[in-house]
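J.: There's a structure below that I have some questions on.
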Amino acid sequence: MKLVRVALDVPLPRLFDYLAPDANPCDIGLRTSVPFGSGNKVGIVLNVTESTDQPVAKLKEVHALLRDMPALPSSFLAMCEFCAKYYQAPIGEVMAFALPPMLRRGKLPKARKTTPDLTRQNVVATPAKVDGGRKTSGQSVPTVGLPPLLVAQAAAVDAILNSRGFCAFLLHGVTGSGKTEVYLRAIASVLERGGQALMLVPEIALTPQLQARVAARFPYAHIVSAHSGVPDAARARGFLDGLEGYADIVLGTRLSIFMPLPRLQLIVVDEEHDASFKQQEGLRYSARDLAIWRAHQLDIPVVLGSATPALESFFHAHSGRYNLLELPQRAVAEHLPQVRTVDTRREKLQDGLSQALIDALTLRLERGEQSLIFLNRRGYAPVLSCPPCGWVSRCHRCAANLVVHLADKRLRCHHCGFEAMIPRNCPSCGNVDLQPFGRGTQRLENILAERFPKARISRIDRDSASTPKKWQALLDAIHAGDVDILVGTQMLAKGHDFPKLTLVGAIGADAALFAADFRAPERLFAQLMQVGGRSGRADLPGQVLIQTDYPDHALYQALEDGDYGRFARVLLAERQIAGFPPYSFQALLRAEARTVEDSLAFLAIARKAALTIADPRVTIYDPVPMKMQRLMTLERAQLLVESTNRPALQAFLSKWMETIYSQRKVGGLRWHLDVDPLEI
Ligand code: ADP
Ligand code: ZN
Ligand code: ZN
């Protein structure tokens, strides 16, 4: 009697057995369509066996083993299994997540028009018309038409290409230091050897610019883009191209870490510190951490690149676990932008702008150069208030203020999406003179327009660039030189080169200095460094002005000196004293319910269960309401567990989850576990 053991997309941490008379061992990894409950489901065969602990008479037979797609390789299944175990998620849910939706439904995209030639040579050959390049030592790779690498770049490429088997590299270099060039040379060599390369980039950095750069470098390679904006059929096609070995390079966001690539020889994670590599809902995995695991499993090199590495990566690189590669200078522009703080304690600001910033803007306008003012807060004003009675615009579903959006006369909650018209008068006392309080990008745009009436000003945030098309139009306008002053959020920070941009001003940055989240300063440094790096990328020197009330803060001091390492060491010392990551490992159990008492009660039960299986190496804290307690009408609380020993924490978590899994949805209460949470 032949049976298959199937992973199905259901919220249960188990597999399901079905009769499958014509199954054979090489069917592991096939999709299968099976009856489930009163309907059907498509799952993945994880085992072909003859024995079961279920009563045989009750077993149903599969409808079909779907042989129209090659079986998923064991390395793919192993990664899903690891992911399920590490993040304490049901295996069927992980596999369903890892597959493109179309394949998950048991369908296939249209057949290819032409069958790619897998025996083709010269995937990396540069077009013959470019010539005159010089070869750099230690490579076999065609570098015709490319500039010679800098010494540090060449050393990095050599180290990556000469690594034997698994090796994790941290490529640390400021924006413009030539990290991407290092990736491209390493990828070229991998393709030359007949391998496949996977390059992960943050959500926001997968720009047409980057795609074009990769495509131009490898005109004969098959490049697959994988991100959430790719339409269903194309995503499934890309997955199959990877699986069947046709794809040479996969360029994608976090979800592409799951892409099966039988000849994978190199993984690159660009901007590895970026928070978007960690999914914040559903399966809360870290694509960066999975990249390390996958490279280890396949015994291949993995390169993490950043100007401001995550403290975890910085720590590993400096303690010898990762191999540190540093690019100390910019590849083209002579100088890094000059970074200077503007002490705002001694000055009466004009609509939030310091005289130094106004002067610098004026100078850029006179010279016909571009400026960027970075304010990481969209909308017109963070809150609408009634000064006489003290009313403020609050979201009734969240513990948050409603943000004033004057452009379309609405109040919006940035957490749950609730919106309403701006009231004519105060809902509480009837006063007609309501005041927007504070400043967002829309207001800053107006302020600048009043102060610089001749300047062409463009705002870039999630409201103005709400679709890829609008975003592209804005970028085109900037590149065409139709914009003098850009006002924007962190959307502008990544992956864009603006050759005429010579000034970056940052306002309102101090808020993150004293945030409760211990990762906030690390993130602020990265943001400011990244946004500052937008200036002076071509032949014009750049300047960065940061308005602050705390010019002596270690963060700003290190930023002025362009010395991330110094600040990282300060932060590491603080984390060591506090016992925070990377000196410990954490997991958060979060609960949400109609009342915070319900959430806390559930967590109290979970804590009790935890104490009975407690390992002395694991610390179990008390349940507490979350910082932002109410979200979308639900009251949220959390329970932190922590250990300096990762295997001990892992073992504890599996046991713990077993005891509380059955209570996944009790009486309107929902909970989830977040392993290695980014926000506490
Ligand atoms: P990063 O990824 O660190 O921001 P890039 O690889 O994008 O840096 O390099 C920044 C700019 O310098 C790009 O325009 C790139 O083409 C150029 N560049 C990189 N390496 C060299 C080199 N060795 N010689 C000349 N130009 C280079
Ligand atoms: Zn809300
Ligand atoms: Zn009022």
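The values are calculated or read from the model by the stated rules, or taken from the named source; none is laboratory data. The model shown is predicted, which means the values in this text are computed figures rather than measured ones. All Cβ positions, even for glycine, are placed from backbone atoms using ideal geometry, and neighbour counts span all protein chains on display. Ligands, DNA and RNA are excluded from the accessible area calculation, which covers all protein heavy atoms including side chains. Shrake-Rupley method; radii C 1.70, N 1.55, O 1.52, S 1.80 Å.
J.: Between the range 608-674 and the range 450-507, what's the alpha-carbon centroid distance in Å?
T.: Value for the Cα centre distance between the two parts: 43 Å.
J.: While we're here: Loop-only GluC sites (Glu not before Pro) in the range 322-397, please: DSSP not H, G, I, E or B, and at most 13 other Cβ atoms within 10 Å.
T.: Hits after loop and neighbour filter: 334, 347.
J.: If the cut-off is a Cα-Cα distance under 14 Å, which aspartates and glutamates reach residue 409, setting aside same-chain residues fewer than 8 apart in sequence?
T.: 419, 463
J.: Please state the relative contact order of the chain as a whole percent: Cα pairs under 8 Å, 6+ residues apart?
T.: For the chain, the relative contact order is 11 percent.
J.: Highest first, please rank the peptides 207-216, 26-35 by the mean number of other Cβ atoms sitting within 10 Å of their residues.
T.: 26-35, 207-216
J.: Express in % the proportion of alpha carbon pairs of the range 121-327 at distances exceeding 22 Å.
T.: Cα-Cα pairs in the range 121-327 separated by more than 22 Å: 46 percent.
J.: Once you order the gyration tensor axes a ≥ b ≥ c over the Cα atoms, which shape class does the range 176-248 get: rounded for a/c under 1.5, otherwise prolate or oblate by comparing a/b with b/c?
T.: Oblate is the answer for the range 176-248, as a/c is 1.5 or above yet b/c matches or exceeds a/b.
J.: Just add up the charged neighbours of residue 71: K/R +1, D/E -1, any other residue whose Cβ is under 10 Å from the Cβ of residue 71.
T.: Value of the local net charge: +1.
J.: Right, here's the next one. If I ignore ligands, DNA and RNA and count only protein heavy atoms, how much of residue 585 is accessible to a 1.4 Å probe, in Å² to the nearest 10?
T.: 50 Å²
J.: Using only the Cα atoms of the range 521-642, what are the Rg and Dmax in Å?
T.: 20.8, 65
J.: Now for a different question. Among the DSSP beta bridges whose two residues both lie in the chain, what percent are antiparallel, rounded to the nearest 5?
T.: Antiparallel bridges: around 50 percent, rounded to the nearest 5.
J.: Semi-axes of the equivalent ellipsoid of the range 585-675: what are they in whole Å, largest first, if each equals the square root of 5 times a C-alpha gyration tensor eigenvalue?
T.: They are 23, 13, 10 Å, listed largest first.
J.: While we're here: Contour minus end-to-end for residue 554 and residue 53, with contour as 0.36 nm per residue of separation and end-to-end as the Cα-Cα distance?
T.: Stretched fully, the residue 554-residue 53 segment lengthens by 174.2 nm.
J.: Would you mind counting up the charge near residue 257? Only other residues with Cβ under 11 Å from its Cβ, with Lys and Arg at +1 and Asp and Glu at -1.
T.: +2
J.: Rounded, prolate or oblate: which one fits the chain, using the alpha carbon gyration tensor with axes a ≥ b ≥ c (rounded when a/c is under 1.5, else prolate when a/b beats b/c, else oblate)?
T.: Oblate.
J.: Using only Cα atoms, figure out Rg for the range 5-78 and give it as a multiple of 2.2 N^0.38 Å.
T.: Compactness ratio reported: 1.04.
J.: Further question on the same structure: Tell me, in nm to one decimal, what length is gained between residue 78 and residue 574 on full extension, where the rule is 0.36 nm per residue of separation less the Cα-Cα distance?
T.: 174.9 nm
J.: Looking at the range 3-98 only, what percent of DSSP beta bridges run antiparallel? Nearest 5 please.
T.: Roughly 95 percent of the beta bridges in the range 3-98 run antiparallel, per DSSP.
J.: Next up: Ignoring ligands, DNA and RNA, please state the percent of accessible area on the chain from carbon and sulfur, probe 1.4 Å.
T.: Roughly 53 percent of what the probe reaches on the chain is carbon or sulfur.
J.: When you count, for each residue, the other Cβ atoms within 10 Å and take the mean per peptide, how do 422-432, 13-23 rank with the highest first?
T.: 13-23, 422-432
J.: Now, a different point. I need the peptides 256-262, 575-581 ranked by packing, meaning the mean over residues of other C-beta atoms within 10 angstrom, with the highest value on top.
T.: Ranked by mean Cβ neighbours within 10 Å, highest first: 256-262, 575-581.
J.: Also, I was wondering about something else. Please calculate how many Å² of accessible area the chain carries per residue, with a 1.4 Å probe and no DNA, RNA or ligand atoms counted.
T.: 44 Å²
J.: Provide, as a two-decimal number, the C-alpha radius of gyration of the range 404-459 over 2.2 N^0.38 Å, N being how many residues it has.
T.: 1.37
J.: Please work out the FRET efficiency for the pair residue 421 and residue 518, using the Cβ-Cβ distance as r and a Förster radius of 41 Å; give the result to the nearest 0.05.
T.: Approximately 0.55, to the nearest 0.05.
J.: If you stretched the chain out fully between residue 469 and residue 624, how much longer would it get, using 0.36 nm times the residue separation minus the C-alpha to C-alpha distance?
T.: Between residue 469 and residue 624, full extension yields an extra 51.5 nm.
J.: Around residue 149, which amide H atoms from residues at least 5 apart in sequence, or from another chain, sit under 5 Å from its own amide H, with H modelled in the peptide plane?
T.: Counting only residues 5 or more places away or on other chains, the set is empty.
J.: Given the pairs 85/655; 85/278; 2/60; 41/107; 348/500, which are separated by over 19 angstrom at their Cα positions?
T.: As for pairs spanning more than 19 Å Cα to Cα, those are 348/500.
J.: How many percent of DSSP beta bridges within the range 121-327 run antiparallel, rounded to 5?
T.: 5 percent
J.: Take the Cβ-Cβ distance between residue 209 and residue 672 as r, set R0 to 30 Å, and report the resulting FRET efficiency rounded to the nearest 0.05.
T.: 0.25
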